[in-house]
Amino acid sequence: MIKIGIIGGTGFGNPGLLENAARQKVHTPYGAPSGLVTTGRLDGIEVATLPRHGDNHSIYPSAVNFRANIWAMKHVGVTHIFAVTAVGSLREEIKPGHLIFPDQFIDRTTRRIATFYEGQEVCHIPMADPFCGKLRTMLSKTAGALGLDSHGCGTVITIEGPRFSTRAESKMFRLWGADVINMSTVPEVVLAREAGICYAAIAMSTDYDCWHESEEPVSWELIQKTMQKNSENVKLLLRAAMKQVDFTDCICRGAAASSIL
Ligand SMILES: [Zn+2]
């Protein structure tokens, strides 16, 4: 039995979209998740959604309780997570409005707890391939079939925020091999792996990061327009992708169990 978790909630937190939608408060050992978990069925598939930044988008990235969010998803039975995230582009070819499905991350966060194993047990979980390869490949194929502009792999760098990068940092991240930048993928993806949940990120490029010296200054209005278009594309993609999730066993599921000392 599979259950799809959508973090980011872009358009899917709306109970009107899900059949038999129910909103529930989940209590976790790590405190409260970012909001209520909405569960229901979409096209016959069990779905749970959670808004990463709260219902009113009031939780800033460093204050997101990532452990509570992943724990809540696991608690309601989620087996596969699609994590929607807005990113800035560090590459000319990743244009605003494009989707990217990262296969690697670089962690530049400084204030986040990135493990469930803080007590008696120590868990050195392998992280060479942090995202679920099966989900990522399927997303990339599905986006291609839908005719969406997308990139099937890439490196996301997650910074602590809430400030954006300096131009020097942005240029350095490009030299490091990062392709897009955000403030939310780490530690979410790490905790999902510890929880045995397959996790793929759907990154939506909203604009170029500040390394890019474009002719026109980027306006908030333009970014909002791009975000609106991105969100429509992601809804299309999610609905198509959900039906193709492979429910056979995946290496993501047992990774933690074999890593505990
Ligand atoms: Zn997997």
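The values are calculated or read from the model by the stated rules, or taken from the named source; none is laboratory data. Computed from a predicted model, the values in this text were never measured in an experiment. When we count neighbours, we look across all protein chains shown, and the Cβ atoms used for this are built from the backbone with ideal geometry, even at glycine. What goes into the accessible areas is simple: the full protein's heavy atoms, side chains included, and nothing from ligands, DNA or RNA. Shrake-Rupley method; radii C 1.70, N 1.55, O 1.52, S 1.80 Å.
Would you mind stating whether residue 157 is in contact with a helix residue (DSSP H, G or I) (Cβ under 9 Å, 6 or more places away or on another chain) and either under 18 Å from residue 53 (Cα atoms) or open to solvent by 30 Å² or more (accessible area, probe 1.4 Å) (or both)?
So residue 157 fails the test.
When you check residue 202 against the structure, is it in a strand (DSSP E or B), open to solvent by less than 20 Å² (accessible area, probe 1.4 Å) and within 16 Å of the ligand (Cβ to nearest atom), yes or no?
yes
Do any residues in segment 128-140 that are open to solvent by 30 Å² or more (accessible area, probe 1.4 Å) have Cβ atoms under 8 Å from those of residues that are within 11 Å of the ligand (Cβ to nearest atom), where the two are at least six apart or on different chains, and which pairs are they?
Note: pairs meeting the criteria are 134/198; 134/246; 134/250; 136/200.
Could you tell me which of the residues 174, 163, 193 is at pLDDT 95 or above, surrounded by fewer than 22 Cβ atoms within 10 Å (Cβ to Cβ) and of a type in the set (Lys, Arg)?
174
Is there a residue being in contact (Cβ under 8 Å) with a residue 60 or more places away in the chain and in a helix (DSSP H, G or I) anywhere in segment 150-164?
no
Taking into account only those residues within segment 234-261 that are in contact with a helix residue (DSSP H, G or I) (Cβ under 8 Å, 6 or more places away or on another chain) and surrounded by 15 or more Cβ atoms within 10 Å (Cβ to Cβ), which is modelled with the lowest pLDDT?
In this case the residue turns out to be 256.
Spot the failing condition for residue 123; the list is (1) touching a helix residue (DSSP H, G or I) at 6+ places or on another chain (Cβ under 7 Å); (2) within 16 Å of the ligand (Cβ to nearest atom), and only one is missed.
Here residue 123 meets the rest and fails (2).
What tally of residues in segment 210-231 results from selecting those that are under 30 Å from residue 44 (Cα atoms), in contact (Cβ under 8 Å) with a residue 24 or more places away in the chain and either open to solvent by 50 Å² or more (accessible area, probe 1.4 Å) or hydroxyl-bearing (Ser, Thr, Tyr) (or both)? Show your work before the answer.
Taking segment 210-231 first, the residues under 30 Å from residue 44 (Cα atoms) are 227-231.
If we keep only those that are in contact (Cβ under 8 Å) with a residue 24 or more places away in the chain too, we end up with 227, 229-231.
After this cut, where a residue has to be either open to solvent by 50 Å² or more (accessible area, probe 1.4 Å) or hydroxyl-bearing (Ser, Thr, Tyr) (or both) as well, the list is 227, 229, 231.
Residues that pass the stated criteria total 3.
Can you tell me which of (1) within 16 Å of the ligand (Cβ to nearest atom); (2) modelled with pLDDT of 95 or more; (3) open to solvent by 10 Å² or more (accessible area, probe 1.4 Å) is the one residue 168 doesn't meet?
(1)
Determine which member of the set 85, 49, 110 is assigned to a loop (DSSP other than H, G, I, E, B) and polar (S, T, N, Q).
Details: 85 fails: assigned to a loop (DSSP other than H, G, I, E, B); 49 fails: assigned to a loop (DSSP other than H, G, I, E, B).
Being assigned to a loop (DSSP other than H, G, I, E, B) and polar (S, T, N, Q) holds for just one of 85, 49, 110, which is 110.
Pull up segment 130-149, narrow it to residues that are assigned to a loop (DSSP other than H, G, I, E, B) and more than 30 Å from residue 163 (Cβ to Cβ), then point me to the one that is farthest from the ligand (Cβ to nearest atom).
Only one residue fits best here, namely 147.
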